Amino acid sequence: MRPPSPSRAADTKARASHAPDSSSSSASSSNTDDAAAPATAALAAPAAATPPRRVLGFIYLHPAYSTTHFLAFLVATFFTVAFFVYMSSATAFVLSEILGLKEGQGNAAGSLAFYDELLSMAMVVVWGVLSDRVGRRAVYTIGFVLMGAGMLVYPLARNLYPQLLLARLLYALGGAACSCMLTAVLADCAGKLRGRISGLVGLVSGLGALLGVFVLLPLPAWLETKFSIPLGRGVQDAFFATGVLAVLFAGVFWVTASRSFATTTSTTTTAAAAPQRSWLAQAKLGLTAARDWRVAAAYAAGFAARGNTVIVTLFVPLWVNQYYIANGLCSVTGLDPNDEAAVKTSCRAAFTRASVVSGVVQTFALIGAPLWGLLMDRFATTDVDTCDEEEVPALSATSPLLPTPPEPSRRRRARTRYSTLPLLATCVVAAVGYLLLFLTSDPRQGSVFPIAFLVGFGEIGTVITSVAMVAAGYIDPSARGAIAGAYSLSGAVGILAATKLGGVLFDAWTATAPFLLMAGVHVVVAGIAAVGVVVEVKKARETERRRREAPTPEPAR
């Protein structure tokens, strides 16, 4: 990498040295100015011009983070998703084998998930703001401890209310912390070309889901077969083992994670002013950041992304189960399609088909994660993400959202970028997939598999593009935690909406109605993304027009 010229380096350092002065003067004049400081500003240059750290040959980290720190974050992502999937899937066994519920399992599991999400909606904002104050490492570690504690006491409950509910809420506290920190830490440690790191995180998340489904979930059955342990006791032992794993990893993460998983690694004045904001003002930053259409599009995509997970994991199996039961393809008649345990026992063909369809969706989602990351870097990365860190000028609290780009001779891939173009593409793919799934009458048809490809590819694309957008370089480092909390909040609302509205449509209309619901959601998000592309096209044309109309400087004599 070519070092910056002495004059540019001196200018950059001079701008950085003046930035805190402007911040402090504005802070002394009015506290409301600090609260209203823009939540989207460019990253400033480090005091010492240090290039991004290259890892695995294609990932660029912020200079403050080492390979060990990044690997600790990836492992944390892996276990976070694994624990999420395991809790959602294993709750049915707790209800049937430990509490002995023979009827109403679907209602009980749905109620637990509903209260889990309600608490998470409030706590993701709290955890995000707290991480801006005390650092990501502390909040992430606390999250794993709470998740582990929740899983340790979960199988000890002797009744649904209040014991099992309280244990689930304890778990939800930790889950909210970990899900929020996943987004915030990704934004912190990314150096440039953030789509690639988002794609890698998506791939690791998919592997974590596989751990939860294929290793942790079958553990009770394996214990029963291998050691003749009763299934109920095996469920308890599996939860105990998973809870201990979460607590132990919390300690490992605290030791190996960077202390820079903290409030900021920038020298921008907004970061310096962040401690002066009240807790309420800091929390509001996550909401007011949506005034920037790129952040608003990311929030809308987060809503759709989390809703996708509910549709795939809940309503695809229900659709298959109902089809087999309604058409007399099961050996036992009168089954409830919502009773997954009964379907698995008495209608194994339906259970197998549902597992295959869901597995195909998740497999293509796993494959698509790195591809969408590369597309984000190719089409949506801004100059802030592609230029060298030392080339980004420091900004004051009143500066525009993006810095002045580097000079053309120093700029890399200096071409027009469209921040929401990949989001538009993935929403179109997902909308088409869900619409075709809605029109599919028989889940046994071979056409289900190419449709599952579209759904899985679009599902992971929505996740990758939205995460990359809230981790982008135009996000003020002092507001990353608050913005990550707001992003997680939009996802929690998406889960509740997909669960409730999808359930109502499933019962009142048709079994494929939830797929049409998600197709409509993706059409709306695609419309928001399309507006963003139009705005950027107009800005690019205006910039080009001004450049052409600018007078050409006369050569020096």
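When the scattering of segment 440-546 is computed by the Debye formula from its Cα atoms alone, each counted once and equally, what is log10 I(q)/I(0) at q = 0.11, 0.16, 0.19, 0.22 Å⁻¹?
-0.54, -0.96, -1.16, -1.32
Once the Cα gyration tensor of segment 48-182 is found, what semi-axes does its equivalent ellipsoid get, as square roots of 5 times the eigenvalues, in whole Å, sorted largest first?
Calculated on Cα positions only, the semi-axes equal 36, 15, 11 Å.
Beyond 11 Å, what percent of the Cα pairs of segment 91-132 remain?
67 percent
Sort 511-524, 467-480, 279-292 by the packing proxy (mean of other Cβ within 10 Å over each peptide's residues), most packed first.
467-480, 511-524, 279-292
Which far-off residues, 5 or more places away or on another chain, put their amide H under 5 Å from the one on Gly135, with H placed in the peptide plane?
Thr263
Could you order peptides 425-435, 439-449, 147-157 by the average number of other Cβ atoms within 10 Å of their residues, highest first?
Descending mean neighbour count gives 425-435, 147-157, 439-449.
What is the packing order of peptides 364-374, 208-218, taking the mean over residues of other C-beta atoms within 10 Å and listing the highest first?
Those peptides, ordered most packed to least, come out 364-374, 208-218.
Between Val215 and Val134, what FRET efficiency follows from the Cβ-Cβ distance if R0 is 25 Å, with the result rounded to 0.05?
According to the calculation, E is roughly 0.15.
How are the Cα pair distances of segment 60-124 distributed, in percent, across 5 Å bins from 0?
Reading the bins upward from 0: 4, 13, 16, 16, 14, 11, 10, 6, 5, 4, 1, 0.
The numbers here are math on the coordinates, done by the rules we state, and not lab data. None of these values were measured; they are calculated from a predicted model. Every residue, glycine as well, gets a Cβ built from its backbone with ideal geometry; the counts of neighbours run over all protein chains shown.
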